[in-house]
Structures are given as C-alpha cells and as structure tokens.
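Novice: Here it is, the structure, as structure tokens.
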Amino acid sequence: MGVHSPGMPSTVTTFVARPGAFFERRADRLSGFRGVGLAAALALLLTTVLGVALRLFSQQFTGTTTVDNPAYPGDVFCEDGVGGMTPSGCDEPATITVEISSLLWQEIADRLPWLFVGLLFVWFGLAVALHVGAWLGSGTGRFGESMEVAAWGLVPTVVVTGVAGAALVYFAAQADLAGSTPETLLSEVRTLQSGVSGLTFLLIQIAGAAWQAYVWAAGLRVAHELSRRAAVVVAVVVATVPVVLS
C-alpha cells in the first residue's frame, strides 16, 4: 500500500486547527524568499477581496452630485479664448451630474494599487516586529524565517477582510445611503461605524487578530525555538497593535 501524501484539504485543516504541525512540516524551508512571494500573493488577494467588497459597497449609494465637467476647458479659456481662438469643449456644460456610487468607486479604484503597496510595507513591518520580539525572547531563527511566518499571518487577514466586507455590504444595504454632498456621504458612512454594525466590525477584527496571533505564535515556536509563553506574548502584542491603531 502506497503512502498517501497530504492534499490541499489536509493542509488547510492543519493550518487552521494545528498551525504548529503546519510549520513543523516547513521548518527546513522557511525563508525570506518564500516569505516575499507569499506576502505579495496574499497582498494581491487581499486587495482584490477588499476591492470587490468596496465595489459592492459603493453601489449601495443612490444619490447624485454635481462636479466639474472634465471636458470643459474652463471659463478663463472659453471667455477670453487662446490666441484669438476658442478651445474645443467650450460648448460643453461647465458641470455635470454624476451618481455618487460611480464617483465613490472611482476614488476607491484609484487607491487600490497604493493599498497593495502599503500592505507589503505593513507585512515587512510586522516581520521586523515579530523578529525583534523573538530576539528579545532569546529566539534563534533568522530574519528570513520571521518574514515567512509573518506572511502566513496574512491568511487570517484575507479571510477576515472577506467576512468584514460582506458585513459592510449587508449593513449598507439596510441603511439609507442617498446623500448628495461629501459631508452627507461621510456622515452616512460614520453611522455604519456605530451601533450594531460598529460592534460587529470590532468583533470580526478581534477574532481576526486572535487567529493571527495563534498562527504567529506557532510559527515563532518552530522558527525561533521559543517557549510557548514567549511566542504567545510576542504574537499577541504584535497582533494587537493594528487593532489598537485602527
């Protein structure tokens, strides 16, 4: 009878239920190179998940607003002309009416590439924090190993972002998001951060941080040969900081 190699479901189950065993299987392969690749892939996935959630969220806004028409050159050029000539587009209206949902999504879409870059910086900062914490706890691992351990901690972030995104769309669908000015829009968004919806987002965030700390503690024990207590302390401290700062 041949040996049955563990498949993807087994790997996922091990990661969720027994992260210590998950990292033990990879103890000899933990490296900075793998950490960079994993972090980039998860940052891209996280950006995509968040983009989809925010796209659905933006579609919940039903109001319209007036903005400057990009096709209109401006009064200075159209009234005085340029070199005795009237630029094209002066017959266009100076302002146009657009849907809030489209305007909001455009703003979000413009920032998604920067979000991806920012996530990579956050991951590197987390790797440094975990490595310094492990070093203070007399850890023996290399920084490259800390980089991959930190990257695996982004898996809970991806899952939690999906859950939080679904909750955001749900609560937005129940609210009356029909503002026509930036001030009204901001006020309506803030209402989603209080009450039942705000508490839900906080609980989701705490659950994600706890899962992340669970993964990191297991990874630090394997990569740095830390005691259980030291690994848990370092992991919990690092996972708590983003929650406190958010």
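The values are calculated or read from the model by the stated rules, or taken from the named source; none is laboratory data. This one's a predicted model, so the numbers in the text were calculated from it and none came from an experiment. Glycine gets a Cβ as well: all are built from the backbone with ideal geometry, and neighbour counts include every protein chain shown. We work out accessible area using only protein heavy atoms, side chains counted, and drop any ligands, DNA or RNA first. Shrake-Rupley method; radii C 1.70, N 1.55, O 1.52, S 1.80 Å.
Novice: Please go through segment 230-246 and pick out each residue that is hydroxyl-bearing (Ser, Thr, Tyr) and either assigned to a helix (DSSP H, G or I) or at positive phi (or both).
Specialist: From segment 230-246, those hydroxyl-bearing (Ser, Thr, Tyr) are 240, 246; that's our starting set.
Of everything in segment 230-246, just one residue is hydroxyl-bearing (Ser, Thr, Tyr) and either assigned to a helix (DSSP H, G or I) or at positive phi (or both), namely Thr240.
Novice: From the list Glu188, Glu225, which residue is among the acidic types (Asp, Glu) and under 27 Å from Gly133 (Cβ atoms)?
Specialist: Details: Glu188 fails: under 27 Å from Gly133 (Cβ atoms).
Result: Glu225 is the single residue among Glu188, Glu225 that is among the acidic types (Asp, Glu) and under 27 Å from Gly133 (Cβ atoms).
Novice: Restricting attention to segment 158-179, report how many residues are of a type outside the set (A, V, I, L, M), in a helix (DSSP H, G or I) and in contact (Cβ under 8 Å) with a residue 60 or more places away in the chain. Outline the logic, then answer.
Specialist: Initially, segment 158-179 is screened for residues of a type outside the set (A, V, I, L, M), giving 161-162, 165, 170-171, 174, 176, 179.
This time we only want the ones that are in a helix (DSSP H, G or I), so: 161-162, 165, 170-171, 174.
After this cut, where a residue has to be in contact (Cβ under 8 Å) with a residue 60 or more places away in the chain as well, the list is 161-162, 165.
So the count comes out to 3.
Novice: Suppose the filter is of a type in the set (D, E, K, R), modelled with pLDDT of 95 or more and over 14 Å from the mean Cα position of the chain (by Cα); does Glu107 pass it?
Specialist: Values: of a type in the set (D, E, K, R): yes; modelled with pLDDT of 95 or more: no; over 14 Å from the mean Cα position of the chain (by Cα): yes.
In short, no.
Novice: Out of the residues in segment 182-204 meeting the condition of being open to solvent by less than 50 Å² (accessible area, probe 1.4 Å) and among the polar types (S, T, N, Q), tell me which one is modelled with the lowest pLDDT.
Specialist: Looking at residues that are open to solvent by less than 50 Å² (accessible area, probe 1.4 Å) and among the polar types (S, T, N, Q), I get Ser197.
Novice: Does segment 28-58 hold any residues that are outside any helix (DSSP H, G or I), in contact (Cβ under 8 Å) with a residue 24 or more places away in the chain and either under 27 Å from Arg111 (Cα atoms) or open to solvent by 30 Å² or more (accessible area, probe 1.4 Å) (or both), and which are they?
Specialist: From segment 28-58, those outside any helix (DSSP H, G or I) are 28-31; that's our starting set.
If we keep only those that are in contact (Cβ under 8 Å) with a residue 24 or more places away in the chain as well, we get 30-31.
If the condition is that a residue be outside any helix (DSSP H, G or I), in contact (Cβ under 8 Å) with a residue 24 or more places away in the chain and either under 27 Å from Arg111 (Cα atoms) or open to solvent by 30 Å² or more (accessible area, probe 1.4 Å) (or both), then Ser31 is the only one that fits.
Novice: Could you list, ordered by first residue, the pairs with Cβ atoms under 7 Å in which the first is in segment 216-236 and closer than 17 Å to Ala17 by Cα and open to solvent by 10 Å² or more (accessible area, probe 1.4 Å) and the second is aromatic (Phe, Trp, Tyr) and part of a helix (DSSP H, G or I), at least 6 apart or interchain?
Specialist: Ala218/Phe23; Val222/Phe23
Novice: Within segment 120-139, is even one residue modelled with pLDDT of 95 or more and of a type in the set (S, T, N, Q)?
Specialist: Looking for residues that are modelled with pLDDT of 95 or more and of a type in the set (S, T, N, Q), one finds none in segment 120-139, hence no.
Novice: Can you tell me which condition His131 does not meet? The list is (1) of a type outside the set (Ser, Thr, Tyr); (2) open to solvent by 50 Å² or more (accessible area, probe 1.4 Å); (3) in contact with a Phe, Trp or Tyr (Cβ under 6 Å, 6 or more places away or on another chain), and all the others hold.
Specialist: (2)
Novice: Would it be correct to say that Ala164 is surrounded by fewer than 22 Cβ atoms within 10 Å (Cβ to Cβ) and either under 28 Å from Gln59 (Cα atoms) or under 17 Å from the mean Cα position of the chain (by Cα) (or both)? Full working, then the answer.
Specialist: On the way: surrounded by fewer than 22 Cβ atoms within 10 Å (Cβ to Cβ): yes; either under 28 Å from Gln59 (Cα atoms) or under 17 Å from the mean Cα position of the chain (by Cα) (or both): yes.
Considered against the rule, which asks whether it is surrounded by fewer than 22 Cβ atoms within 10 Å (Cβ to Cβ) and either under 28 Å from Gln59 (Cα atoms) or under 17 Å from the mean Cα position of the chain (by Cα) (or both), Ala164 comes out as yes.
Novice: Right, next: Residue check, Ser146 against (1) of a type in the set (S, T, N, Q); (2) modelled with pLDDT under 95; (3) part of a helix (DSSP H, G or I), all met but one. Which one?
Specialist: Ser146 satisfies all of (1) of a type in the set (S, T, N, Q); (2) modelled with pLDDT under 95; (3) part of a helix (DSSP H, G or I) except (2).
Novice: Residue check: is Glu145 surrounded by fewer than 22 Cβ atoms within 10 Å (Cβ to Cβ), touching a residue at least 60 places away in the same chain (Cβ under 8 Å) and among the charged types (D, E, K, R)? Talk me through it step by step, then tell me what you get.
Specialist: Working: surrounded by fewer than 22 Cβ atoms within 10 Å (Cβ to Cβ): no; touching a residue at least 60 places away in the same chain (Cβ under 8 Å): yes; among the charged types (D, E, K, R): yes.
When the stated conditions are applied, Glu145 does not pass them.
Novice: Any idea which residue in segment 59-80 is modelled with the highest pLDDT, counting only those that are open to solvent by less than 80 Å² (accessible area, probe 1.4 Å), more than 13 Å from Gln106 (Cβ to Cβ) and not in a helix (DSSP H, G or I)?
Specialist: Gln60
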